[in-house]
Structure formats: C-alpha cells, structure tokens
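Read through the structure below, which is laid out as structure tokens, and then see the notes.
The values are calculated or read from the model by the stated rules, or taken from the named source; none is laboratory data. Keep in mind that what you see is a predicted model, and the values were worked out from it rather than measured. A quick note on method: Cβ atoms are made from the backbone with ideal geometry, for glycine too, and the neighbour counts reach across all protein chains shown. These accessible areas exclude ligands, DNA and RNA; they are computed on the full protein's heavy atoms, side chains included. Shrake-Rupley method; radii C 1.70, N 1.55, O 1.52, S 1.80 Å.
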Amino acid sequence: MTVMEQRGAYRPTPPPAWQPRTDPAPLLPDAEPYRVLGTDAAQKADPGLLRRLYAELVRGRRYNTQATALTKQGRLAVYPSSTGQEACEVAAAFALEERDWLFPSYRDTLAAVARGLDPVSALTLLRGDWHTGYDPREARIAPLSTPLATQLPHAVGLAHAARLKGDDVVALAMVGDGGTSEGDFHEALNFAAVWQAPVVFLVQNNGFAISVPLAKQTAAPSLAHKAVGYGMPGRLVDGNDAAAMHEVLSEAVARARAGGGPTLVEAVTYRMEAHTNADDATRYRPDAEVTAWRDHDPILLLERELTERGLLDDDLKRQAGDDAEAMAADLRGRMNQDPQLDPMDLFTHVYAEQTSQLREQAAQLRAELEVASEEAEEEAR
Amino acid sequence: MTTVAAKPVTKPVTKPATMAQALGRALRDSMAEDPSVHVLGEDVGALGGVFRVTDGLTKEFGEERCTDTPLAEAGILGTAVGMAMYGLRPVVEMQFDAFAYPAFEQLISHVARMRNRTRGAMPMPITVRVPYGGGIGGVEHHSDSSEAYYMATPGLHVVTPATVADAYGLLRASIASDDPVVFLEPKRLYWSKADWNPAAPTAVEPIGRAVVRRTGRSATLITYGPSVPVCMEAAEAARAEGWDLEVVDLRSLVPFDDETVAASVRRTGRAVVVHESGGFGGPGGEIAARITERCFHHLEAPVLRVAGFDIPYPPPMLEKHHLPGVDRILDAVARLQWEAES
Ligand SMILES: Cc1ncc(C[n+]2csc(CCOP(=O)(O)OP(=O)(O)O)c2C)c(N)n1
C-alpha cells in the first residue's frame, strides 16, 4: 500500500457543519483583464457617465501634477502621485453612494478628492500640518493609511458593524500590489468572507512596490486569484479603463449591498511617476517601459472612445480643462499660505481627558513658549 | 470618565466569587446596559473563552454581540477599529499575552493614535483584554508581562486589577471609557476568590487612581496586578522583622497616579517597586524615576526595584526563580538602610 493510499484510508470524515461554500469556478477571475473601452461593451456604456468620468480624470490628472509641483516648492513634504492610475481612483469614488465609506491608502488622496473632499484637507497628512485634515465620519473617508494594508480590516469591521445596525452601507478599501503580501491583507479578506461583510477590496497593481516588481511580490497567477482561497469572487480589470473600472466596482458594490458578500478587484495599471518625489525610478525600471504605458493612458483611452462616438465636443474639453485649472489655482493659492498651528494642540487630542502627565508637559511647553515670545519681543525692540 | 455607581440594594448577598467571574459579570452588565458593546475574540462564544471569562455571553446576547472570530489577532483588533468607527464599543479578547503581539501593529499604528490623528473626531472606545503574567505553569508564550510596551504607547490606557472587586469595577470603567484601554488580567489571579456581591456592584473610581492596600510607616511597596498579593504577604512577613510596610496597588499604569504614590513615599521615606516583568526598560524604572523626581528630599534611601529577570520568560519548572517572591522583596526592604530610621 502506498503512503497516499494509507492516508486515504485514514482521512477523517469532516464534521457535518463543514461545507465548502461554493464551486470555486465562478470565483475565478478572467484570464485577461476585463475591458470596456474600445470593445463592443462600450456601446452599452452611458454617454453621460463617460463624459463625467472624462471630466473627473482630467481634473484628477491636474490635481496630481499640481500636488507634485507643490513638493518641488517645499509646500508638501511628500506626494505619492497617482498619475496613470486616475481611472482607478475616480472609479472608486464614483462607485460609492454618499452613505458608503472609503478606506484609502497614502496614494489615494485623489479618490478622496473625487469623492468630494476638499483638496487641501486631503493633503494635510502629506503637508505635515496635521495627520488627518478632515472628520472621517463626516466625509465617510477613513484617514489615509500609511502602514500598508492595515486599513483593510478596518473596512471589514465598519461594514460588519453597519450591517449589524441594519444600514445598507458598503465599504471600499484600497491597497497596492505590495500591500497584498502583508498579513493584514490576508486577515481582512478572510474575515470579510467568513462574515460575508459588505466590502469591496480594490488592489491597484501598478507594477511596483517602491522598487520591487510584482514578480518578486507574489507567485500567484494574478492578485485577483487570491480571492478564491477565501471564498470570494476575484475580478481582474484593466485599471486604465475608467468605464471597465466603474462597471466592475459598481457591480461589486451592488453585490455587497444586496448581501452577496465581499469581492476582490485587481486593477492592472501602471505608476507613471516615481514612488514619491524622494524616489529614483530609473534605478529599477527602463524608460521604455514607462513610454510604452503612455499609449495606454487612462485619459487617452477614454478620449479615443468619446471621440469615436462623437461625445467629446469642444465644450466638454474646455469645461473639463477650465475646471481642472480652477481647482489647481485654488489648491496652489491655499497651499501657499502658511498654516497657523498652535503648539498647545499637541496635547489636546491624545486622550478624551488629559492625563496628569500630559497636563504637566503642557504646562512645561506653555512656559517655554512664553519665554520664546518674550525673547522674540526683546529682539524686535 | 464614567463612574459606575453602586445601586442601593436592600439585602446585599455576598458570597465567594472568583476574579474570572467578576470579569464575566462586568462584561455581561456592560452589554446589558449598552447595546453598542460587542465582545469578539477567539473561542469567546460556545467555550466562553479559554479562561471562561465570556461564559454565557453568546447564549444571552447572541453571536452578533459575542462573536467567535477567525484565528487572527491583527484581524480581530483591526475589525474592532472599523466597528468603533461605526459607533460600536468593541471589547476584544486576546487569548494569551504573547498572542497579542500580531495585533501590535493595529494597536500602536491605529488604535492608540486614531483620536489624535483625527483631532478628536474619531475616538476609539476599544477595550483590549489581555490575560498576562506567569505563575500558572504555562508553556512558552503563555506567561509574558508586556505592560512596558503598552505603557510606552501614547494614547492607550493601561490598567490591571488585583482584586475581585477591582476586576469588576475597572473593567466596567474601561468599557465605558471613550479611549482605548489595554486591560491586563493577571491570569494567576483568575481563580482568586473574595466575598463579593454581584447584585450590588462595586462603586468604581475613574481609571487612574491608585489605592493604598495596607498602611505602614517604614517603607512603601509599589506594585500592581499579580504582585499585589505577594507584596501583601511580604508586608505581613515583614512585621516579624519590625518593619511596618505600606502597600500601594497602582491599578492603572497609564494614567499614573503620581499623587497617591508620592504622598505615600513622602510619609515613609523609602520605596520598593515590585513587578514580574523584566527590570531593564521595565515599568519599575519609570516609577522609580518619577518618585525620585517628586520625593528626592524625603527619601532616606534609593528607590529599589524587585522585578523579573531580564530573560525570556522561563519554562514552568524554573519560573519560581524568576518571579519576585516574598523573600526577594524582603531582601530589598532590608537593603533600605534601616539603621537610618532609629
Ligand atoms: C507596513 C509597512 N511596511 C513598509 C512601508 C514602507 N512603504 C511605503 S510604500 C511601500 C510600497 C508599497 O507598494 P504597493 O503596496 O504596491 O503600493 P503603491 O506604493 O505601489 O501604491 C513601502 C514598502 C509601509 N508604509 N508600511
């Protein structure tokens, strides 16, 4: 008897409650990323939606270039640009209803802005004046998360809590390809599937985690394949195709809202800029690769489709351009004002009530500030 | 901070209760009073937790209020963060001290600082219950005292009860707190008993107050959690040597009750800090420094520490050598230069 046969003989009977959830076949992603633009499916897309997406992409691109420019002027400490990934960012925002929640990572300021958040508030983390520039409950946008993938379990917990309260709220959580290797990614997906929580996980596979390419991050056929093991569907989408992204994310959101549980969406896209302004992308990728992706630019793809269908008139183009410029000018103007910070605020929001330790330290800082201001006055005299 | 008021009861029925029962009762009463309180963790449902603290909660409140989670500590605490974002009050059970480490990232990067980074908009009323400490013959990873890690993280409260009544009162106060609390349960005291009346719950002071468990004139033992009964025993034994020791039970490590501690040390002029966790970089160093800063002119001797050795927690057969016991405490007391007193 072979070892395998012996094993077979000893295989324990699974307990009666144990039932595999579903046939994995419907959970498996397509072999190729799903596309709408440039295919027959595009004929079905709502022209109004395509035009709105276009305007938002143009605005998003301008936001990215403006924020990047602000790092060069020293107004932002750092900016992880989502240039090239605008279709993912915008579609994520558009797929959600007002009552839903967005859980962004540090790269996803644009998704927050496309959701309607004030562009300046969205940048406070990166500017350095405060960690979060908005009330997450009002905006229904969690703080931009810097530790990778740690925001994913939060999305699951929030969606779960909302469902317990009887609210049909969906949470959409964003993470990069590198973030999928973190334990929190695994734990969040598993919790979501076991609890059938109304969550959509959006992985933006932009090719690199700083300098490390996807091939060194995972051996899976695709990141969308990871969904199957948890018992949720995985969808592979062209992340530069705004219409496809919008369709797939909206479907996943609707499924979650209807009680169908979580979905993992992998958007195949490309990071056109360096990781941040502090990174030198030429050390790990050839320029030719970047150039090749320019032909697959999300704005270009949508522009081609709109032009072909006669939907891109001069009005739309001008309007989108003007809106983008106005946003950029406003952002520039307000970011160029020095934020007024009160150092005493350091102690205000550590605990609901200040501890005696913090009260002592606050008194120390207040005294130091008084001395400093007296000295400054004296110097001025 | 909420004070759980003692309800007037006509006939208080006190009977022996264990610390584990008092903790369970605190969870139950909190859940009954506030529907936003949810308990989650590994095996907290049908089993009632490996220490039976959550016994009966799923039966009484349903699986939605007391939930068996997948086996994933970061996931447990991470989902609790999201639940708190949506207005719930999660009480998370970590099965054993060393198994809370996978959740450190969530605790430190999110739970502790969410209020601060959102400028007060998003408090985290999460209680993380962690059975901690040794003395129960646990195998590796079942006896750690990690309080120094928690204490070093701004934004967390760190509390630990030493009595049955405090177990109830402090846990109620922790769950009611709008800030995250790491609630350290001395597992060696789970089965300690005291006469306690669950129908007339103990009045609870706000988190952050130490209590003098025993008054004395010769020196102060400053301690908390599992070391409190040891210090009480040491104080009894010290009487034979003519030493009259005061024992301060901190109950809360963050915030720290400087007033009670300093008042005691000023009275006695001598202090020994006692705890199980390692001395180097441990809580005792912080406490000794605070005492020195506040009571230098009242001190008759340097503040001493009696702590666990600076080693990974030893195997059960050797743990008695590691844990601070009565003799080691008395030795320290003897080193406080007693000649000076007479
Ligand atoms: C837990 C953690 N480890 C390391 C880092 C440092 N870090 C910041 S971004 C990054 C790469 C992330 O790559 P990916 O998830 O693909 O997202 P992308 O930047 O491409 O959007 C790393 C390693 C971090 N932020 N968090």
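For chymotrypsin sites (Phe, Trp or Tyr not before Pro), the sites in the range B:240-342 that DSSP calls loop and that have at most 14 other Cβ atoms within 10 Å are B:PHE280, B:PHE309. Highest mean first, the peptides B:143-153, B:316-326 sorted by other C-beta atoms within 10 Å per residue fall in the order B:143-153, B:316-326. Residues within the reach of a label modelled at A:ILE210 (point 7 angstrom out along Cα to beta-carbon, backbone nitrogen below 19 Å), restricted to the range A:249-280, are A:271-280.
When only Cα pairs under 8 Å and 6 or more residues apart are kept, what is the percent relative contact order across chain A?
Value for chain A: 22 percent.
Under 19 Å of direct C-alpha separation, and excluding same-chain neighbours fewer than eight residues apart, B:LYS187 reaches these lysines: B:LYS320.
Between A:THR218 and B:LYS193, the modelled labels are 5.6 nm apart [label points 7 Å from Cα along Cα→Cβ]. Taking all protein chains into account, the per residue accessible area for the protein assembly as shown stands at 42 Å² (1.4 Å probe). To the nearest ten degrees, helix B:19-33 and the longest principal axis of the Cα atoms of chain B are 40 degrees apart.
For the protein assembly as shown, the spread of Cα coordinates along the three principal axes comes to 100, 95, 56 Å, biggest extent given first.
Could you give log10 I(q)/I(0) at q = 0.12, 0.17, 0.19 Å⁻¹ for the range B:211-335, computed by the Debye formula over C-alpha point scatterers of equal weight, without solvent? Treating every Cα as an identical point scatterer, log10 I(q)/I(0) equals -0.39, -0.79, -0.99.
The long axis of helix A:47-72 is offset from the longest Cα principal axis of chain A by roughly 50 degrees. What the phi angles of the range B:271-277 give under the Karplus curve with 6.51, -1.76 and 1.60, with θ = phi - 60°, is a coupling list of 8, 10, 9, 10, 7, 7, 5 Hz, glycine and proline written as x. For the range B:130-193, the Kirkwood hydrodynamic radius comes to 12.5 Å, computed from all pairs of different C-alpha atoms. In a fully extended conformation the segment linking A:MET344 and A:ARG294 would gain 13.2 nm over its present Cα-Cα distance, using 0.36 nm per residue. Between A:ILE299, A:ILE141, A:ILE210, the residue with the greatest mean-square fluctuation in the GNM of chain A (Cα pairs under 10 Å linked by springs) is A:ILE210. Legend: calculated FRET efficiency, A:ALA362 to B:ALA200, from the Cβ-Cβ distance at R0 = 35 Å, rounded to 0.05, equals 0.35. Short to long, the 5 Å bins of the Cα pair-distance histogram for the range B:15-196 hold 1, 9, 19, 23, 23, 16, 7, 2, 0, 0 percent of all pairs.
When the Gaussian network model of chain A links Cα atoms closer than 10 Å, the mean-square fluctuations of A:GLU353, A:GLU266, A:GLU56 top out at A:GLU353. Label-to-label distance for A:GLN337 and B:GLU300 is 6.4 nm, based on points extended 7 Å past Cα in the beta-carbon direction.
For the range A:150-184, a decrease in accessible area of 20 Å² or greater in the assembled protein chains relative to the isolated chain, with a 1.4 Å probe, applies to A:THR150, A:PRO153, A:HIS154, A:GLY157, A:LEU158, A:HIS160, A:ALA161, A:LEU164, A:LYS165, A:ASP184.
Solvent-free Debye calculation, one equal scatterer per alpha-carbon of the range A:139-267: log10 I(q)/I(0) at 0.10, 0.15, 0.16, 0.21 Å⁻¹ equals -0.28, -0.64, -0.73, -1.27. Buried between B and A is an accessible area of approximately 3800 Å², summed over both sides with a 1.4 Å probe.
Partner lysines whose Cα lies under 29 Å from the Cα of A:LYS44, excluding those fewer than 8 positions away in the same chain, are identified as A:LYS317. Close amide H contacts of A:TRP101 (hydrogens built in the peptide plane, cut-off under 5 Å, sequence separation of 5 or more or a different chain): A:VAL170, A:ALA171, A:LEU172.
Let me confirm one metric for peptide A:195-204, namely the mean number of other chain beta-carbon atoms within 10 Å of its residues' beta-carbons.
1
Helices in chain B, meaning DSSP H runs of at least 4 residues, each add -39500 (n - 2.57). Divided by all residues, the mean residue ellipticity at 222 nm is -9000 deg cm²/dmol.
In chain A, the calculated helix contribution to ellipticity at 222 nm averages -14000 deg cm²/dmol per residue, counting -39,500 (n - 2.57) for every DSSP H run with n ≥ 4.
Stokes-Einstein diffusion for the range B:160-244, with the hydrodynamic radius set to the Kirkwood value over Cα pairs and evaluated at 37 °C in a medium of 0.692 mPa s, equals 228 µm²/s. Straight Cα distances below 22 angstrom link A:LYS165 to the lysines B:LYS59, with same-chain residues fewer than 8 positions distant left out. Taking amide hydrogens as placed 1.01 Å from N in the peptide plane, the amide H of B:TYR132 sits under 5 Å from those of B:GLU185, B:LYS187, each at least 5 positions away in sequence or on another chain. In this simple spin-label approximation, B:GLU63 and A:THR146 carry label points 7 Å from Cα along the Cα→Cβ vector, and these lie 4.0 nm apart.
In terms of overall dimensions, chain A has a Cα radius of gyration and Dmax of 23.9, 99 angstrom. Positive end of the dipole of the range B:15-196 (Cβ unit charges, origin at the Cα centre): among B:LEU23, B:ILE175, B:ALA98, the Cα lying farthest that way belongs to B:ILE175.
Residues of the range A:338-373 whose accessible area (probe 1.4 Å, heavy atoms of protein chains only) drops by at least 20 Å² once all protein chains are present, relative to their chain alone: A:ASP345, A:HIS349, A:VAL350, A:TYR351, A:ALA352, A:GLU353, A:THR355, A:GLN357, A:GLU360. Across chain B, counting alpha-carbon atoms alone, Rg and Dmax equal 19.9, 64 Å. Residues whose amide H lies under 5 Å from that of A:SER145, counting only those 5 or more places away or on a different chain, are A:SER105, A:TYR106; hydrogens are built 1.01 Å from N in the peptide plane.
Using a 1.4 Å probe on the protein chains only, how many percent of the accessible area of the protein assembly as shown belongs to carbon and sulfur?
52 percent
Of the GluC sites (Glu not before Pro) found in the range B:43-111, those in coil by DSSP whose Cβ has at most 14 other Cβ atoms within 10 Å are B:GLU63, B:GLU64. Per-residue 3J(HN,Hα) values for the range A:113-127, derived from phi via the Karplus relation 6.51 cos²θ - 1.76 cosθ + 1.60 with θ = phi - 60°, read 5, 5, 6, x, 6, 4, x, 6, 4, 5, 9, 4, 4, 7, 7 Hz in sequence order (x marks Gly and Pro). In the range B:101-131, burial by the other protein chains removes 50 Å² or more of 1.4 Å probe accessible surface, compared with the chain on its own, from B:HIS110, B:ARG115, B:ASN116, B:ARG117, B:ARG119, B:ALA121, B:MET122.
Residue-wise HN-Hα couplings along the range A:321-330, as the Karplus relation 6.51 cos²θ - 1.76 cosθ + 1.60 with θ = phi - 60° gives them from phi, are x, 5, 4, 5, 5, 5, 4, 5, 5, 5 Hz; Gly and Pro carry x. Our summary gives the range B:115-189 a relative contact order of 44 percent, counting only alpha carbon pairs under 8 angstrom and 6 or more residues apart.
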